[in-house]
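Just so you know, all these numbers are worked out from the coordinates, no wet-lab data involved. Everything quoted here is computed from the prediction, not taken from an experiment. Note that we place each Cβ from the backbone using ideal geometry, even for glycine, and neighbour counts take in every protein chain shown.
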Amino acid sequence: MPSTAPQLNVDVLVELFKQLDARDLARYAARFQLPLNLYCHPRAAQVNRMWRQAAADDRLWANLCVRDWLVEEPSKDCSWYQTYLLHNIAWHRYEPQYARVKRAWNRLEAFLRAHFPLLLTTLRPGCTEEELDTAEEKLGVHLPLDLRCSYRIHNGQRFSVTQQEAK
């Protein structure tokens with residue numbers, strides 16, 4: 001007897017999956033990288049294939065990259081899923097704070113770009129986890145995660161401008 005249950009297409013599943021937490025989605029997608037069980041019910045295999053396809057859809061991971069990491073373009077020679085993984089590897093410790101802190105830096109950089117472009121050139125690149133760990137050890141304190149995240153984005157400012165930057 002044919003099923004009367006409504007069939008969801010991949011596009012609808014992608015939209016539903018966009019509502020999921022990325023960690024849960026990544027775990028789910030990883031689970032479906034295994035070959036399908038040949039002994040499972042054929043209809044279940046079809047659902048699993050469709051869900052795997054939806055969980056691997058680049059539109060979904062593009063949405064998550066923008067939402068979680070504020071990344072508007074995939075990394076060079078990478079899919080959106082790979083771009084998400086690269087950012088997650090680099091920033092996973094700061095996931096709850098990252099978007100908020102990065103948005104603040106983006107606003108500051110945009111203001112400086114529009115009104116004080118020379119000052120923008122004095123912002124230092126972010127520091128490493130190891131540098132932050134060393135600073136915490138020397139200071140004898142644990143820095144709040146949002147402060148650590150901020151230092152990972154920009155490690156302060158240089159107080160001088162080179163003649164080449166001034167031109």
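Points worth noting:
- Multiplying the residue separation of Asp77 and Leu143 by 0.36 nm and subtracting their alpha-carbon distance yields 20.2 nm.
- Placing R0 at 30 angstrom, the Cβ-Cβ distance between Ala56 and Arg100 gives a FRET efficiency of 0.55 after rounding to 0.05.
- Sites Glu109 and Glu130, calculated FRET efficiency, Cβ-Cβ separation with R0 25 Å, nearest 0.05: 0.50
- Gain upon complete extension [Glu15, Leu85; 0.36 nm per residue less C-alpha separation]: 23.2 nm
- Look at Glu129, Glu95 and count the other Cβ atoms within 10 Å of each Cβ; fewest to most, that gives Glu129, Glu95.
- Per-residue ³J(HN,Hα) for segment 54-66, Karplus 6.51 cos²θ - 1.76 cosθ + 1.60, θ = phi - 60°, Hz, x for Gly and Pro: 5, 5, 9, 5, 5, 4, 5, 6, 4, 4, 5, 4, 5
- Calculated over segment 61-167: convex hull of Cα atoms, volume per residue (Å³): 131 Å³
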